[in-house]
Amino acid sequence: MLQRLQCATRRWAECKRLPTLCTSWHRRHGGLVDLHELDPRSFLIVEVKRDRPGVLGEILELFTRSAINMTHIESRFKSFARDGPSFHIDFEGSLKDAQVQELMKAIKGLPGVYDVLPETPREVPWFPMNIRELDLTVDTLDGGTELINEDHPGFNDPAYRERRFEIVSLAKAYKHGEKLPRVRYTEQETATWQAVYERLGSLHDKWACREYREMLPQMEKYCGYAVNNIPQLGDISDFLQQRTGFTLRPISGLLSARDFLNALAFRVFYSTQYIRHHGNPFYTPEPDICHELLGHVPLFANPAFADFSQEIGLASLAATDEDVAKLAAVYWFTVEFGLLREGEDVKAFGAGVLSSFGEMEWACADVPSQECREMGSMKEQLKPILRPLDPLEASKQEYPITTYQPVMFCAESLEDAEFRIAQFCDSLTRPFFPQYDPLTQTIRVTKAIRRATRHSTVELQRQKQMEFFEKGKSREN
């Protein structure tokens, strides 16, 4: 799903010990990836005969004496034979360690303990554990060029198609740790950028949120943003990293929702580098560099925006397909189409709004013009229905992909959005709670898990997208 896109009339949807150079993903045992050699977690179940005060404290005391760090614990009542609980305990270390073996014997010797059962790690869907593993998650729904179909302005332009292939090839060849590829944009491409930059500029002054308006001059000062210059991802990435720790990574096309959201957990944003066709600078059926740099990028320099973007990413790690869809919808109604209030005014912070003159008027104007409404196929609706931001409600809200948004969500501020999204993510049932270590650029987990073998999510996403489009067509008919 998560196809970060810009277009006036069209939307594509669904769309502290680990070394920095993580190599665990090269090893596979029995179809499962072994993570335990580098940062082992183990899982015990302690069965207690009778529920009595102090039994848990005695178990915890043994962990303390053994200097073994417990990372997760929960209690369950499940047996009619005993009225005592079962404690499910995850901790740092391997079951083979002598220290752990002694701990297990000590726990079993406690009065009232019925048994101590070592368990195998739980299997979870594959997810990247180290930032280098993002190299494995670059399969795109369109292959980088397939999206240029008959309704694309560049479909009948061989020169544009060849240029598109050239730029896409740079992204496909990129690996983590390399310098971001620099593109020498042509005069024609720069003219297209200029047309978009100038038209959006006056509208940003009127309808973009304060944080965006404050940051754009910084992008112009330090990143090369200018009317007559298309900025380079490398310059922008360096600036963002110093501001909030976010970095950019080039991508050849549209990613699946899971792969795109997973990258946000590492504070990595996938960005295209190609630009829309010069024949119509104000329309594109896909995300391009105008959408990425004029819509998304400036706000990744804002701490609150960066934090809740990463929060969504962390929640997506090893999540169920259902929860990924919910998170993708929350992303859609915030990072893509989010609004907030400044006094009595409605301002835009979503990239899909900020990068489209039509979307900005539709979302933020007191009375959108008839021309605007017709352009967005909204002749029968005078303005969008604005609802207070409720991520749970947003996660269930359907949204069209070929028109403006009939329903939009409005936060009180970026900090308000950050708070509400964090609450929503905490409400999801997670297989573990992840923590990002920025020093090693690694995800640390609270439970003993093993990742299933990675399979590309592209085909599954493509099928879901086709179903989504068919559903949309049936509603329109």
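Over 25 Å between Cα atoms, which of LYS179/LYS326; LYS179/LYS447; LYS347/LYS396 qualify?
LYS179/LYS326; LYS179/LYS447
I need the GluC sites (Glu not before Pro) found in the stretch 149-235, filtered to DSSP loop residues with at most 14 other beta carbons within 10 Å of theirs.
GLU150, GLU178
Whenever you get a sec, compute what percent of the accessible area on the stretch 137-246 sits on carbon and sulfur atoms (1.4 Å probe).
Of the solvent-accessible surface of the stretch 137-246, carbon and sulfur hold 46 percent.
Separation of the stretch 366-415 and the stretch 249-287 by C-alpha centroid, Å?
Comparing the Cα centres of the stretch 366-415 and the stretch 249-287, I get a distance of 22 Å.
Work out how much length ARG199 to ASP390 would gain on full extension: take 0.36 nm times their residue separation and subtract the Cα-Cα distance, in nm to one decimal.
Taking 0.36 nm per residue and subtracting the Cα distance, the gain is 65.5 nm.
Just to check I understand the Karplus step: with θ = phi - 60° and J = 6.51 cos²θ - 1.76 cosθ + 1.60, what whole-Hz values come out for the stretch 309-319, glycine and proline as x?
5, 5, 4, 4, x, 4, 5, 7, 5, 6, 6
How much accessible surface does VAL367 have with a 1.4 Å probe, in Å² rounded to 10?
120 Å²
What list of ³J(HN,Hα) couplings, whole Hz, do you get for the stretch 88-101 from phi and the Karplus terms 6.51, -1.76, 1.60, once you set θ to phi - 60° and write x for glycine and proline?
After applying 6.51 cos²θ - 1.76 cosθ + 1.60, I find 9, 10, 10, 7, 7, x, 9, 4, 7, 5, 4, 5, 5, 4 Hz.
Kirkwood-based Rg over Rh for the stretch 219-370 (C-alpha set), two decimals?
Taking Rg over the Kirkwood Rh, I get 0.96.
Given points 7 Å out from each Cα along the Cα-Cβ axis, report the GLN99 to LEU56 separation in nanometres with one decimal.
Taking the simple label geometry, GLN99 and LEU56 are separated by 2.5 nm.
Which number comes out as Rg/Rh for the stretch 176-291 once both Rg and the Kirkwood Rh are worked out on C-alpha atoms?
That ratio equals 0.95.
Normalised by the number of residues in the stretch 249-302, what is the relative contact order in percent for Cα pairs under 8 Å and 6+ residues apart?
Relative CO of the stretch 249-302 lands at 30 percent.
Measuring with a 1.4 Å probe in the full set of protein chains, what accessible area per residue, in whole Å², belongs to the stretch 340-406?
46 Å²
Quick query: amide H of VAL268 versus all other amide H atoms, modeled in the peptide plane; which residues come in under 5 Å with a sequence gap of 5 or more or a different chain?
THR247
Suppose we take every Cα in the stretch 296-357 and form the convex hull; what volume per residue is that in Å³?
Value for the stretch 296-357: 90 Å³ per residue.
Pairs of alpha-carbon atoms within less than 8 angstrom and 6+ residues apart define the contacts here; what relative contact order does the stretch 193-280 have, in percent?
Contact order relative to length: 21 percent.
I need the phi-derived Karplus couplings for the stretch 388-395: 6.51 cos²θ - 1.76 cosθ + 1.60, θ = phi - 60°, integer Hz, Gly and Pro marked x.
x, 4, 9, x, 5, 5, 4, 5
For ASP83 and GLU374 in one chain, what is 0.36 nm times their gap in residues minus the Cα-Cα distance, to one decimal in nm?
Additional length available on full extension: 98.0 nm.
Please compute the contact order of the stretch 228-317 in relative form: average sequence separation of alpha-carbon pairs under 8 Å and at least six residues apart, divided by the residue count, as a percent.
Relative contact order of the stretch 228-317: 33 percent.
LYS383: which aspartates and glutamates have alpha carbons under 14 Å from its alpha carbon, excluding same-chain residues fewer than 8 sequence positions away?
Cross-link targets: GLU359, GLU361, ASP366, GLU371, GLU374.
Leaving out ligands, DNA and RNA, what percent of the accessible area of the stretch 341-412 is carbon and sulfur, probe 1.4 Å?
Ligands and nucleic acids excluded, carbon and sulfur give 49 percent.
Report the gain in length on full extension from ALA226 to ARG184: 0.36 nm times residue separation, minus Cα-Cα distance, nm rounded to one decimal.
13.6 nm
Given H placed 1.01 Å from N in the peptide plane, which residues other than close sequence neighbours of ALA208 have an amide H under 5 Å from its amide H?
Residues meeting the criterion, in which the H sits 1.01 Å from N, are ALA348.
Ignoring ligands, DNA and RNA, how do LYS49, LYS396, LYS179 rank by accessible area with a 1.4 Å probe, largest first?
Correct descending sequence by accessible area is LYS179, LYS396, LYS49.
Taking a probe of 1.4 Å, how large is the accessible area per residue of the stretch 54-209, in Å²?
On a per-residue basis, the stretch 54-209 sits at 54 Å².
With a sphere of radius 10 Å drawn around the Cβ of ASP157, what net charge do the other residues whose Cβ falls strictly inside it have (Lys, Arg +1; Asp, Glu -1)?
Residues close to ASP157 contribute a combined charge of +2.
The values are calculated or read from the model by the stated rules, or taken from the named source; none is laboratory data. Every value quoted in this text rests on a predicted model; they were computed, and no experiment measured them. Note that each Cβ is placed from the backbone with ideal geometry, even for glycine, and that neighbours are counted across all protein chains shown. To get the accessible areas, we keep the full protein, side chains included, count just its heavy atoms, and leave off ligands, DNA and RNA. Shrake-Rupley method; radii C 1.70, N 1.55, O 1.52, S 1.80 Å.
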